[in-house]
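Right, one structure below, let's go through it.
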Amino acid sequence: MATELDADAFVGAVTNSTVLVREGTDLDREPDALVARDAATGRVRWQVTTDERTEFTLPTSAGDAAFVCRTPSHTSVDAPGTLERYDLATGERTATVPTADEWVSAPVVGDGYVAISTDRGLQVFG
């Protein structure tokens with residue numbers, strides 16, 4: 001069975017039962033949302049929205065967690081952001097770590113580490 005998403009939804013990760021999506025269009029006009037959808041039905045399980053001045057990367061997942069970076073929108077040049085961890089089942093934010101620089105890629109997770117590319121290099125959290 002195929003689950004259809006809106007044109008402004010960008011899939012970041014898929015688990016056995018959940019599709020993690022960043023939803024949002026023009027970042028200057030609409031806030032982003034991190035959305036966990038049921039893989040079979042497309043039903044929203046939980047979502048986290050930003051205000052108009054922030055944006056999310058594409059999400060990724062590992063184990064029982066979803067990871068995403070959040071930063072002020074591109075109207076705030078070179079602003080550092082945060083790496084955030086969410087409980088995959090509930091959407092509760094379980095950790096927030098400041099990043100030294102503005103991120104330029106979605107988080108990559110492996111072997112107990114989370115890595116992000118920033119405008120000045122690689123940052124690894126473990």
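Read the figures in this text as sums done on the coordinates, not as results from a lab. Note that the structure is a prediction, hence the values are computed from the model and not measured. Every residue, glycine among them, receives a Cβ derived from its backbone with ideal geometry; neighbour counts consider all protein chains shown.
Rounded to the nearest 0.05, what FRET efficiency do SER17 and GLU92 have when you use their Cβ-Cβ distance and R0 = 30 Å? Write down the numbers at each step before the final one.
Working: r = 18 Å, r/R0 = 0.59.
After rounding to 0.05, the efficiency reads 0.95.
Cβ-to-Cβ counts within 10 Å put LEU58, LEU20, LEU122, LEU83 in ascending order as LEU122, LEU58, LEU83, LEU20, the fewest first.
When peptides 101-107, 88-94 are ranked by their average number of other Cβ atoms within 10 Å per residue, the highest-first order is 101-107, 88-94.
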